[in-house]
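Quick note: the coordinates plus some simple rules give every number you see, no bench work behind them. Since this is a predicted model, take the numbers as computed values, not measurements. Heads up, the Cβs are rebuilt from the backbone with ideal geometry, glycines too, and the neighbour counts pull from every protein chain shown.
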Amino acid sequence: MNEPKRLHKLYILFPFISAMKSVIPVIILLIIKGVNWSEFPWYDYAAAVVLVTLPFILYGWFRWRKFSYTLQADRIVLRRGIFVREEKSIFFSRIHSIQTQQPLIQRIFRLAQLKIETPGGNAEADGLLPALAIAEAEQVEQWLYQKRSEAARSDQAVVFPEGSVEQVDVETPEGPEKREVPPFVSELPVQREQLLRLSAGRLFAGALTTMNLPLVVVFGAGVYSFADDLLPDHFYESLVEQAGQLPAIWWLGLVPVMFLLAWILSAVLFTIKYAGFTVEQEGGNIAIVSGLLDRKKHVFSPGKVQAVEVKEGLLRQPFGYAEVEIYVLTSETEKKMMLHPLLPMRDVNELLGRIVPQFELQLTAVRPPARARWLFLRWKLLVAAVLGTAGTVFLGPIGALLFLLLPLCAVWGYGCFKDEGLSIRGKQLMLRHRAISRSTALMRRPHVVTVDTVATSGQRKRSLLTVRARLMVNRGGWKATFMEQEHVSVVKDWMRQASTSV
């Protein structure tokens, strides 16, 4: 049995650093407010530093001292807790995935954290080693994957096709503590092959072809919260009052400027989030590494990929480019990973063939009939007409320019009609749908949980249906709207075919 191992000693500083993240904004606020720091003698500052620092350092030391992990014959055992001791055993055969991550604190100290996930676990992972040297984290990760593979082969070796279990003589030790464990070697032979690496320029170009609105919203909320503490009182009231005095033409000109700034900001944030994007093959697994400040490494088996989604944005589709994402089954209910941010459509199948060869992008075989065209247009034209009317009433001739949305919405609706469709080839179902961007989802039959159909009154009059396929990794599912009933029946028959192979 291996001896218990401890985390890196820099883990002692983690509680203090976490506390300082809350204190630093207060210090900045006091500096801006013009506090006279010379009023206090130096020993008051020294005493304050000691009183603030010492408890957190002592707490960090006790937490580091009481945290250990042990690699045994069939499990990894984590022990932690100062007042309440917790011991968690994670058997190798139950490990679903191991993720190596480097949040900002770990990157500063050149450390890494290891997340051990099991089926049915929570988003915080079942086992977490928060501070390991990078080399040690890689060694533990390789060790766990090796032992998990051995456990999986052992389970398969004793099960016959009929489902009966082979009766074998196994020498049972007196207890898990007396099992012999191979020494924890410093180097485990793992073959690595780089499948894809994207430069910062390629990432930025990919980000410019789409609007990553969630990133902008999160960043803007953080800036607003921080500025609210720093700016003078009644600043926002004064700003709104002055803005209300601007003519309407200024507001119309401000909209594209704000959109442009948000677009550039989203591209910068996207590039930082995915900096150093690399896809590697490690033995039989695929590893995706990305992130500048918060570096993450996701390792998964290609067989656990349940769906592939190809997204063609408005700025990408005319030039034949798309973003490729994969949905992987992990201990979290849903796990979506970017596989490529900007890829020519002609190269999608080549990329899938190298990483997830069970998926293949194919042509849309079935499209909505001509009688469904009006269903794609009606609501879009109605909204454009309402906006044009409201703009004319409240803004006069300038607001009447909103009627220009009518031809744009007509083109949009017709594009949705032309892009909708589905296709079935073997065990793969493809659904294509357009909201703003065109999305093509590829899924395998063993992973499809349900196939639902919906028909509104307008659809029923035209004998049309909307079909939606749901997976465990994406409960919202993907859909194709206003399809012929006979084509939806083909999807249901495809789903009824008993199959368990991928």
Self-check item: Net charge contributed by nearby residues that have their C-beta within less than 14 Å of residue 274 (K/R +1, D/E -1)
Solution: +4
Exercise. Specify which residue in the list 368, 321, 358 is farthest towards the positive end of the charge dipole of the range 266-386, using unit charges on the beta carbon of Lys, Arg (+1) and Asp, Glu (-1), about the Cα centre.
Key: 368
Quiz item: What is the local net charge at residue 207, summed over the other residues whose Cβ is closer than 11 Å to its Cβ (Lys, Arg +1; Asp, Glu -1)?
Solution: +1
Quiz item: What order, most packed first, do the peptides 390-397, 111-118 have when packing is the mean number of other Cβ atoms within 10 Å of each residue?
Solution: 111-118, 390-397
Practice problem: Rounded, prolate or oblate: pick one for the range 54-128, where a ≥ b ≥ c are the square roots of the eigenvalues of its C-alpha gyration tensor, a/c under 1.5 means rounded, and failing that, prolate if a/b is larger than b/c, else oblate. | Solution: oblate
Quiz item: Farthest toward the dipole's positive end in the range 333-459, which of 397, 443, 348, given Cβ charges of +1 (Lys, Arg) and -1 (Asp, Glu) about the Cα centre?
Solution: 443
Quiz item: Near residue 413, within a Cβ-to-Cβ distance under 13 Å, what is the net charge of the other residues, with Lys and Arg +1 and Asp and Glu -1?
Solution: +3
Quiz item: Which value in nm describes the separation of the simple spin-label points at residue 319 and residue 349, placed 7 Å from the Cα toward the beta carbon?
Solution: 2.4
Quiz item: With charges only on Cβ, +1 for K and R and -1 for D and E, what is the dipole size of the range 408-502 about its Cα centre, in debye, rounded to 20?
Solution: 160
Quiz prompt | Whole-Hz couplings from phi, Karplus 6.51/-1.76/1.60, listed for the range 466-477; x for Gly and Pro | solution = 9, 10, 9, 10, 10, 10, 5, 7, 8, 5, x, x
Quiz item: About the Cα centre of the range 323-403, what is the dipole size in debye to 20, counting +1 per Lys and Arg Cβ and -1 per Asp and Glu Cβ, all else neutral?
Solution: 520
